[in-house]
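Working notes, structure below.
The values are calculated or read from the model by the stated rules, or taken from the named source; none is laboratory data. Fair warning: this is a prediction, and the values are worked out from it, not measured in the lab. Cβ placement follows ideal geometry from the backbone for every residue including glycine, while neighbour counts extend to all protein chains displayed. Heads up: the accessible areas ignore ligands, DNA and RNA and are worked out on the full protein's heavy atoms, side chains in. Shrake-Rupley method; radii C 1.70, N 1.55, O 1.52, S 1.80 Å.
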Amino acid sequence: MRDISNRLVGGILATAGALLSLFHAQTLLEPSSAVAGALVAGIPLVLSLAVTAIGYSLARERLLSSQYPGRMLAWTGSGVLALSALSVWALAATAVVGTVTIDPVTVVLNVATFGALVGLLVGLYDVRGLERQRSIERLNRINDTIRIVTQEVANNTERAALEQGVCDRLDESEPYEGVWIGRYDADDDRVRPQVWAGLDDDYVTSLKITVDDSPTGTGAGGRVIKTREIQCVPDVFADPTMELWWEEFERRGVRSIAGVPIAHGETVYGLISIYADRQTVFDEHEQSVLSELGETIGHAIASLEARERLAEHEAELARQNERLDAFAGIVSHDLRNPLNVALGNLELVREQRDVDDDPLDDAAAALERMEGLIRDLLTLSRQGETVDDLEVVPLEAVVDAAWSTTAASASATLRVDGELGAIACDRDRLQRLLENLFRNSVEHGSRADDGEKDTGPNVTVTVRRTDAGFAVFDDGPGISSDLEQTVFEAGVTTDDEGTGFGLNIVQSIADAHGWDVSLREAPDGGAQFEFADVETPDSYTRGVGTDTQ
């Protein structure tokens, strides 16, 4: 009874009720009717008016969904036939004994009216029960569909496989006749089907869905992309925007369609088009679930794309690291070796001449600066890699080692303020970090008033433990405010003889450890470098324990 609609059944019932109402009203208005007779005739009139009202409400889709209109009609007819047959039998029995005093037609119609109302009420109760049962079954089906589709989303790492899995799972759902997923191409405002299930290849590949005002763009598919909202067509043959596809729908038995947007954030990836063979599939609850499904798939596609971009970025980083390693090899061997030869020959010339020679001194200073640049470039290229293997080391021991290699012979003083304890780090890289900080303090702090290097002990470097890590500061001239934002950038320096890589190396080593480094003015006016998020032995041990569980 799929072709019997609520409108048809409601119209039949309303018409029958109206005709019965006219008959009973005519009977009630006859002059010969006594008061008691009028009362008896008035009850069927009220019942027939009730039948008319119920039929009208059914036709306007106010009482029931359109799943069981034929069942309602059957119950009504059964009530009419059953009670009419009973009245005929009663009249026949009365006629046999010769006591019939009223019009038999009136009796039968009165009883038929009562039977129609009883049948309608029974039908309403029966259909409502069936609808509740159907709703529970539909809810279970939807939940199963969501669960299975969610598994597809979680298990697939490629978009095409994810989309095909979703199509296959949805097509297995009982009321769906076919499913296809199309990708939206913003360049030409078109949706191109990519995967499908339950539909012919020739049909899907021939589909043309645009996002414009043409006939191919005003249907459900085009509206999905334009509005980014689910579009349901309960009756495709009642929607003129779907006329372009009526012939195919008729041939395939499609009665209703749902178009579901696949989107995430501001991006629309495409749509899911679902075909059904009845008009009662895409109710409010089903639409809500399908919309959520579209959002879930959109989020999954966004995650897959982010993963692909990350993989591409990692591959590019790997290629850059390879080029950097090759560059470091060239710097270390092909440049440093000739430089060492030049320095050696220059020293021989100076020893042979045994005189002060400004040009030779300038040449030696230039070569030494080149050596410093090469050293810092090699350090920078090798210290930025993430530290994977940490060890717990005593901070003060590393401080002493770094001081002895960079500033022990300079006119500077090292002060350790309190217990430094231990931290989790790469010991060699931490020493290089401290060496660069000490060298920066000594070279910028040991200066006379005229800017020339001073031989007096006029700078003190202090190392102190903090709650978040540790700090290194001095009592030198500090760093000017106009350089505070750029001081960690490569090449930034205030020393004509400096390379400008020292603090950039400090930043790289800190980043490799996951530390946060900041610069501010020290208590005595110098520069203070603070390192936060430094792992302590306790936090490092807990982290390792968690990873190994």
Of the residues 273, 288, which is more than 15 Å from the chain's Cα centre (by Cα), closer than 30 Å to residue 250 by Cβ, of a type in the set (S, T, N, Q) and open to solvent by less than 20 Å² (accessible area, probe 1.4 Å)?
-> 273
Within the stretch 471-524, track down each residue that is modelled with pLDDT of 80 or more and in a helix (DSSP H, G or I).
-> 503, 504, 505, 506, 507, 508, 509, 510, 511, 512, 513
Residue 203: of a type in the set (Phe, Trp, Tyr) and either farther than 21 Å from residue 144 by Cα or in contact with a Pro (Cβ under 7 Å, 6 or more places away or on another chain) (or both), yes or no?
-> yes
Only one of (1) of a type in the set (Gly, Ala, Ser); (2) modelled with pLDDT of 85 or more; (3) open to solvent by 70 Å² or more (accessible area, probe 1.4 Å) fails for residue 409. Which number is that?
-> (2)
Conditions (1) part of a helix (DSSP H, G or I); (2) at pLDDT 90 or above; number of the one not met by residue 300 | (2)
Is it fair to say residue 265 is of a type outside the set (Lys, Arg), within 30 Å of the chain's Cα centre (by Cα) and modelled with pLDDT of 90 or more?
-> no
Boolean, residue 351 is open to solvent by less than 80 Å² (accessible area, probe 1.4 Å), modelled with pLDDT of 70 or more and either closer than 30 Å to residue 538 by Cα or outside any loop (DSSP other than H, G, I, E, B) (or both) | no
Has the stretch 432-455 got at least one residue that is modelled with pLDDT under 90, assigned to a loop (DSSP other than H, G, I, E, B) and touching a strand residue (DSSP E or B) at 6+ places or on another chain (Cβ under 7 Å)?
-> yes
